[in-house]
Amino acid sequence: MAADGSRIPLGRADALLRPALPLTQTVCDLDGIRALKDDYEQLGRLTGNTLPFALQEWHLAWCTHFLNRNPRVQQQPLFVVSRDESGASAAIVPLILSRRRVGPLKLGTVDLLGADPGLTEIRNPLVKPGCERLAVRAVHAALADIPGWDWIEWRGISEELSTALACESTPQWCEIMEDYVLDLPASWEEFRASLKRNVREALRHCYNSLRRAGLSFEFIVAREPAEVRRGLERFLQLHTLRAHMRRGPPHPDRFAGRALRNFLYDVCTRLAQRDAVRLFQLRIGGHIVAARLAFVVRDSMYLYYSGFDPAWARYSVMTTATAEGFRYAIAQGLKSANLSLTGEQSKLRWRPRRVEFHSALVHRQFVTSRLACRAYRAALASDGRPSRILKRLWQAHRDWN
């Protein structure tokens, strides 16, 4: 924003903002991202980050497996690091610059890292509280030096960062994403007492149905790298079985391609080395019948994808595995459980609180960029024939196999 209070067009940000940003660093390769280890750790503490998707391990694994999977699209990391006057990290904004041809047009776009088939659920970057506007300015200043891009998409950012974005540019707001976080009490008994009566009854059914059938379960928590890696094979089998169930709400198979599975193995190995993985498994009669993957970052547990054997559906084994996961988290002294995006009834019944993440587009100040961005927004917002054509032209086919 200029001294008179007006917004600075993104194309002019370089000349106006560079004097105020002497400590902005742009990282464009994996070696540079690896060198930011201390900055990630420092910002993780300062921000109180509890999302696995903002960790350095996630970003390195993502770039290793998902960059340039389409020969017609050139991609490169563009991580913007801003620092305060003392040189300490104020923000790490992990961006991916993509250049592609859409029909007769050449387009360049900038996105927060995480354009994948639903694996990186929340893309909010690491920004020290109070430094949100500094982070946005640093990104705009870095982009002013880079030719051949048309817009930046800020997808899934916090309320604080979206407010800063509105102050520093003229964003075109898109969807609002809803995340669901369950605050955990000090004891399992207190947690059960806080639930609605029908949910307490459902929990009793889970345990009693097995008991009446003469069955018992064993709840297993894998957290060491070797045991996590072994458990992922069965987890993937159960995830696929659940995706192919004909009854109940649809659940896509998020790991159907080889590249997606390779990424999961890699990122879980990296995160398990920092003791951030919990693979919850329910074993009955010597067989793992349900599994849920979770990540523990600081004092919070993020419940990721799951799977179960439909042959055991009548015993509600997935509910049992989730409830035992909550019991485990409480016993470990964790303060919250993130139930992830989308307000499914299976999540809402635990009575979580809602957290909003915002998305916006900011285009460059060129006529062609403005028109291309407008067409892209139209494609996202409509399901008509022109929109489908635009989507086919725009969407870069990636080989996830």
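Derivation of every value follows stated rules applied to the coordinates shown; laboratory data play no part. Worth saying up front: this structure is predicted, and the values here are computed from it rather than measured. Every residue, glycine among them, receives a Cβ derived from its backbone with ideal geometry; neighbour counts consider all protein chains shown.
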* How about Lys196: which lysines have a C-alpha closer than 29 Å to its C-alpha, ignoring those fewer than 8 places off in the same chain? -> Lys335, Lys347
* Nitroxide proxy distance, nm - points 7 Å out along Cα→Cβ at Arg351 and Ala166 -> 3.2
* Residue by residue through region 289-294, which ³J(HN,Hα) values in whole Hz follow from phi under the Karplus form 6.51 cos²θ - 1.76 cosθ + 1.60 (θ = phi - 60°), with glycine and proline marked x? -> 10, 8, 8, 9, 8, 9
* To do: Using label points projected 7 Å from each Cα along Cα→Cβ, tell me how many nm separate Arg274 and Arg246, to one decimal.
  => 4.5
* First check a/c for region 185-334, with a ≥ b ≥ c the square roots of the eigenvalues of its C-alpha gyration tensor; if it is under 1.5, answer rounded, and if not, answer prolate when a/b is larger than b/c or oblate otherwise. => oblate
* Local electrostatic count at Arg204 - Lys and Arg +1, Asp and Glu -1, tallied over other residues with Cβ under 11 Å -> +3
* Post the alpha-carbon centroid distance, region 93-121 to region 235-313, in whole angstrom. => 27
* **Likely footprinting exposure, Ile220, Ile122, fewest C-beta neighbours within 10 Å first** => Ile220, Ile122
* In the chain, which longest range has no GluC sites (Glu not before Pro) that are both DSSP loop (not H, G, I, E or B) and surrounded by at most 14 other Cβ atoms within 10 Å? -> 86-343
* Structure fact -> GNM of the chain, Cα pairs under 10 angstrom: of Val110, Val136, Val355, the biggest fluctuation goes to Val355
* Structure fact -> Looking only at lysines whose Cα falls under 19 Å of Lys106's and that sit 8 or more positions away or on another chain, we get Lys391
* Provide the per-residue ³J(HN,Hα) series for region 254-267, in order, calculated from phi with Karplus coefficients 6.51, -1.76, 1.60 and θ = phi - 60°, each as a whole number of Hz, with x at glycine and proline positions. => 6, 10, 6, x, 4, 4, 5, 5, 4, 4, 4, 4, 5, 5
* To do: Report the FRET efficiency, 1/(1 + (r/R0)^6), for Arg283 and Ser340, where r is their Cβ-Cβ distance and R0 is 22 Å, rounded to 0.05.
  => 0.35
* Total charge dipole magnitude, the chain, about the Cα centre, Cβ charges on Lys, Arg, Asp, Glu only, Debye to nearest 20 -> 1540
* To do: Round to the nearest 10 and give me the degree value, 0 to 90, for the angle of helix 159-168's Cα axis relative to the longest principal axis of the chain.
  => 10
* Asked: How much length is gained if the chain between Arg374 and Arg101 is pulled fully straight, taking 0.36 nm per residue apart and subtracting their Cα-Cα distance, in nm to one decimal?
  -> 96.6 nm
* Partners for Lys37 among lysines (Cα-Cα distance below 24 Å; same-chain residues under 8 apart left out) -> Lys128
* To do: For n ≥ 4 DSSP H runs only, could you compute -39500 (n - 2.57) per run for the chain, divide by its residues and tell me the 222 nm figure to the nearest 500?
  => -11500 deg cm²/dmol
* Among (1) 22.0, 69; (2) 25.2, 87; (3) 22.6, 75, find the value of Rg and Dmax of the Cα atoms in Å that was calculated from the structure presented, and write down its label. => (3)
* Asked: Whole-Hz Karplus ³J(HN,Hα) for region 355-365, in order, using 6.51 cos²θ - 1.76 cosθ + 1.60 and θ = phi - 60°, x for Gly and Pro?
  -> 10, 9, 10, 10, 9, 7, 10, 10, 9, 6, 8
* To do: Measure out, as a whole number of angstrom, how far apart the alpha-carbon centroids of region 170-210 and region 24-56 sit.
  => 31
